[in-house]
Amino acid sequence: MMVNPNLVRNECSGVFQTVTIVPRLEYSNYLLCDIMDTLKRKKAEIKKSNRVYLELDNDDHTCVRALDFERTISFSLEILSKIHKKINSISGITSIPKLLPLIPMMRTVSAQLYTLFPICSKNLSELSVHLGSIILDSAILTEARFDFSQSNTESSLILNEVKLMVDSKINKQYPNLDFSKVCNT
């Protein structure tokens, strides 16, 4: 029986590429967990320092930056938690291309953290590049097709949902502050 050498080469190449995706995915997960741990520590610190704002009256505007800082960290952690769950839900190479909506979400969080935590922002940028290459490699192997408009829509919906949730939590956490009266500085 004659074996087509091109078929064997293609099959071996696909297996090799599949095997090389796993350590890259593990590294991406490690990097994500490291970023989340850093943000969790910062959130605990800022939440502790913001306790003073629980007793303020509605006309005090001194807390705007501190609360925006807490809101940004909370938003970032919620998004990264959703990303972490999606990455951990990967059941095989065919499910990897479905992670495409995570890339714009990571870039949004990275942009928001740029001035607050440049290292976390840089690590998120690195993570989005790693994940993007993993998604592309798995799409090539599985011959998946991307619908970027659907991906962007899904990403935007998740970002908006998390923003509303975080805003609600912050408003409940600081019930004495009227956020509609607090001016943005």
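For the set SER149, SER155, SER125, the ranking by accessible area, highest first and with no ligand, DNA or RNA atoms included, is SER149, SER125, SER155 under a 1.4 Å probe. Ligands, DNA and RNA excluded, the heavy atoms of SER156 present near 60 Å² of accessible surface to a 1.4 Å solvent probe.
Sorted on the mean count of surrounding Cβ atoms within 10 Å across their residues, most packed first, peptides 29-39, 92-102 read 92-102, 29-39. Each of MET165, MET106 has its accessible area taken with a 1.4 Å probe; listed largest first, they run MET165, MET106.
The values are calculated or read from the model by the stated rules, or taken from the named source; none is laboratory data. Since the model is a prediction, treat every value here as computed from it, not as a measurement. Reconstructed Cβ throughout: ideal geometry from the backbone, glycine too, with neighbour counts over all protein chains shown. With ligands, DNA and RNA removed, areas are computed over all heavy atoms of the protein, side chains included. Shrake-Rupley method; radii C 1.70, N 1.55, O 1.52, S 1.80 Å.
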